[in-house]
Structures are given as structure tokens and as C-alpha cells.
1. Which condition breaks for GLU40 when tested against (1) buried (at least 19 other Cβ atoms within 10 Å of the Cβ); (2) closer than 24 Å to GLU171 by Cβ?
2. State which residue is surrounded by the most Cβ atoms within 10 Å (Cβ to Cβ) when the search covers only segment 166-177 and only residues that are of a type in the set (A, V, I, L, M, F, W, C) and more than 24 Å from ARG110 (Cα to Cα).
3. Could you identify the single residue in THR89, THR75 that is in contact (Cβ under 8 Å) with a residue 24 or more places away in the chain, among the β-branched types (Val, Ile, Thr) and surrounded by fewer than 24 Cβ atoms within 10 Å (Cβ to Cβ)?
4. Within segment 100-107, can one find any residue that is of a type outside the set (A, V, I, L, M, F, W, C), modelled with pLDDT under 95, crowded, with 22+ Cβ neighbours inside 10 Å and in contact with a Gly (Cβ under 7 Å, 6 or more places away or on another chain)?
5. Which of the residues belonging to segment 28-73 are over 14 Å from the mean Cα position of the chain (by Cα) and of a type in the set (Phe, Trp, Tyr)?
6. Return yes or no: is ALA86 modelled with pLDDT of 95 or more and not in a loop (DSSP other than H, G, I, E, B)?
7. For segment 155-186, which residues satisfy the criterion of being among the basic types (Lys, Arg) and either assigned to a loop (DSSP other than H, G, I, E, B) or modelled with pLDDT of 90 or more (or both)?
8. Which of (1) at pLDDT 90 or above; (2) more than 24 Å from ARG109 (Cβ to Cβ); (3) surrounded by 19 or more Cβ atoms within 10 Å (Cβ to Cβ) is the odd one out, the single condition ILE57 does not satisfy?
Amino acid sequence: MNRTTVGGPELGGGRGAGGVLVLVDPTGGGHSPVAGLLAEELYPSVHLRTDDFLRVIRNGRLPVELPEAGRQNATALAAAAQAAFAYATGGYQVVVECPEPPPSLATFRRESRTTGAALHYVVLDAGPSAAEARNAPEARIAPEAQNASEARNEALEGARHTLDTSALTPETTAKAVLSALTARTHLLGW
């Protein structure tokens, strides 16, 4: 694969501008081979994992699936989004790996709007095994409370940005994602 960029002059970010790709890979459980391959192909690049932003909480960390962990989970997701866009404004191409769809893309959209860096969103779907991985408690950031309208909009957003990977290897999946990024089919608006 040739090295490429996420976001760039054609996306209005200016010369040397970075971009952010939120990559949801339920089968990777927070350690997706696809995210790693993408980070190797993008240049210059940064690979962040949303789960790492939960693991750094040393004292008072709650299990993510508990309802009372909502504030903790939202804070960790906001920290991941802020870090991603800080790197992007420094010219890096950032792959943010999520083991499941974020409870809200609003945090990432807000950072994209504030910084002007491009935001792409790709949900990998490998079929039935993806649903099993999505239900593993250790691979989750529990959803925060949402109203019905916001939840419906998030579900529609995920459906529009889903890439069927059931017949693909990690390498061919990475190539398909890079093609989608080049075609800007998974670019999110503000």
C-alpha cells in the first residue's frame, strides 16, 4: 500500500493538515490489526485506542458497564477526542480505534468543528462474530444516557458508515478503508 493522508488540502485543512479517523472494529477488542495497518500506511500518523483512556484512571475507576460509570466513560471519550484533534492540528493523521461505536459522535464532531480538521468514521462489520465481540464487557465503553432522537441519529450514522469486512483479510480491509478515505465516503459533517 502507498502511504496516504486522512484529510489534507482537498478537505480544506491546508497544507500539512492532519485528520482523524474513528475506526470501530468490534472483532479487534481494542487491539485491531486493521487500525495498526492503517497507522502504518498513513503518514505521519498516530494510533490511539479509546480503551487506553479508561485504563489510565488509577484510583476510582468503575467498571464501564455500570450506569454510574457514565461520567467516567464520557470523560475518557472526550480526552481521546481532544488528544486526537491535538495531534491532527499538528499535522498528524490519527487513527482512533474503538472496540464498539462511541455512545456519541458529538464529542468528535465538536473537536473537528473547533480545529477544522477532517473527521472520518468507519465501522467494520465482520458479520455474526462482530456482534459477539461487541457484547464482551471488557471491550466496552458503556453508553451514556441519551435521548431517543440522539440514539436514533447515532444508529443511522453508524449504518451509513459501515463497511462489510466479512470476506476480507485485515490487509484487504485496510486497503478498502484507505480507498473509502480517498473517496471521502466516510467523512462526517459537523
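1. Tallying (1) buried (at least 19 other Cβ atoms within 10 Å of the Cβ); (2) closer than 24 Å to GLU171 by Cβ, GLU40 fails exactly one: (1).
2. So the residue we want is ALA174.
3. THR89
4. no
5. The one that is over 14 Å from the mean Cα position of the chain (by Cα) and of a type in the set (Phe, Trp, Tyr): TYR43.
6. yes
7. The first filter runs over segment 155-186 and keeps only residues among the basic types (Lys, Arg), leaving 160, 175, 184.
Correct list: LYS175, ARG184.
8. Only one criterion in (1) at pLDDT 90 or above; (2) more than 24 Å from ARG109 (Cβ to Cβ); (3) surrounded by 19 or more Cβ atoms within 10 Å (Cβ to Cβ) is unmet by ILE57, namely (3).
The values are calculated or read from the model by the stated rules, or taken from the named source; none is laboratory data. Fair warning: this is a prediction, and the values are worked out from it, not measured in the lab. Cβ coordinates were reconstructed from backbone atoms using ideal geometry, including for glycine residues, and neighbour counts include every protein chain displayed.
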